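Below you'll find the structure, written out as structure tokens, and then a few comments.
The values are calculated or read from the model by the stated rules, or taken from the named source; none is laboratory data. Not measured: the values here are computed from a predicted model. Please note: Cβ atoms are built from the backbone with ideal geometry, for glycine as well, and neighbour counts cover all protein chains shown. Heavy atoms of the whole protein, side chains included, go into the accessibility calculation; ligands, DNA and RNA do not. Shrake-Rupley method; radii C 1.70, N 1.55, O 1.52, S 1.80 Å.
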Amino acid sequence: MKRFNDIELKKLNSQLRGVAPSEIIQWVLSSSDKALVTTNFRPYEAAILHACVQVDPSIKVIWCDTGYNTPQTYKHAKYLIDRLALNVKLYTPQETAAYRDAFFNGIPQVDSPDHAEFTRQVKLEPFQRAMAQQKPEVWFTNLRKGQTSFRDSIDILSYSKDGVLKVSPFYHWSDEKLDGYLREYKLPNEFKYFDPTKVLDNRECGLHA
């Protein structure tokens, strides 16, 4: 897939603002067959998963499961996997939770010197392994403006640190608008979600920034 320069990217982002997510996804997939969508089944993830599979039912869905999700999140994930017939590629940490407990005494606090290694083990390494194995040209995400300061600095189209075209079709959507999308397609949402690497909702975990 062609790599856009900064001027082209800015122009495209301006043109795509207000375009339906399904049309954005369709346009991107018309230029590449090496695409995937990542998910952690956090709140509102059903929207990006639904939008992607409506265009390409067999699109690869990368789920990097930290092993620390809530029971509600696991049940939510199972429901969406079955309901949308998701082509899930599951990636988990190489170390067990018992192994980490032996060294970290549970989940390290964000200001602990152990937190960086904990984050690497449960999130960064599985994600990097997934991307290395799948080798995508396109990476669909549900990043949205207003979530973190970094996410405010990107747009619908941006590039990852490794040069993969990152596409966030719902980038300019509010929670209220996404609520309407979920109602329209009778999709569930689940707010009892926990990310052991972030602590605060407005803190990046390292995958994107």
- Please arrange LEU157, LEU90, LEU124 by accessible surface area, largest first, computed with a 1.4 Å probe and ligands excluded. LEU90, LEU124, LEU157
- Task: Can you tell me the dipole magnitude for the range 1-127 around its Cα centre, using point charges on the Cβ only (Lys, Arg +1; Asp, Glu -1), in Debye to the nearest 20?
- Result: 440
- Message: Below 8 Å between Cα atoms, with a sequence gap of 6+, how large is the relative contact order for the chain in percent?
- Response: 27
- ARG42 - accessible surface, heavy atoms, 1.4 Å probe, Å² rounded to 10: 60
- Message: I need to check one value: relative contact order of the range 58-110, counting alpha carbon pairs closer than 8 Å and at least 6 residues apart, in percent.
- Response: 46
- In the structure shown, do any of LYS135/LYS177; LYS123/LYS192; LYS78/LYS177; LYS60/LYS123; LYS60/LYS177; LYS10/LYS75 have a Cα-Cα gap over 28 Å, and if so which? LYS135/LYS177; LYS10/LYS75
- Message: 7 Å from Cα along Cα→Cβ at both GLN54 and ASN189: what's the point-to-point distance in nm?
- Response: 1.7
- Add +1 for every Lys or Arg and -1 for every Asp or Glu among the other residues with Cβ under 10 Å from the Cβ of CYS64, and state the total. +1
- Note on the structure: So, relative contact order of the range 81-152 in percent, Cα under 8 Å, 6 or more apart, is 25
- Task: For LYS75 and LYS135, calculate 0.36 nm times their separation in residues minus their Cα-Cα distance, and state this gained length in nm to one decimal.
- Result: 18.7 nm
- Amide H neighbours of TYR159 under 5 Å, counting only residues 5+ apart in sequence or on other chains, H built in-plane at 1.01 Å? LYS166
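Can you give me the accessible area per residue for the chain, using a 1.4 Å probe, in Å²?
52
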- Message: Connecting C-alpha atoms closer than 10 Å in a GNM of the chain, tell me which of LYS145, LYS60, LYS186 has the biggest fluctuation.
- Response: LYS186
- Query: Once the other residues with Cβ under 10 Å from the Cβ of VAL37 are scored (Lys, Arg +1; Asp, Glu -1), what is the net sum?
  - Reply: -1
- Query: Taking the Cα centre of the chain as the origin and placing charges on Cβ (Lys, Arg +1; Asp, Glu -1), which of GLN15, TYR99, VAL37 is farthest toward the positive end of the dipole?
  - Reply: GLN15
- Task: Once you have the Cα-Cα distance between ASP162 and GLU117, take 0.36 nm times their residue separation minus that, and quote the gain in nm to one decimal.
- Result: 14.1 nm
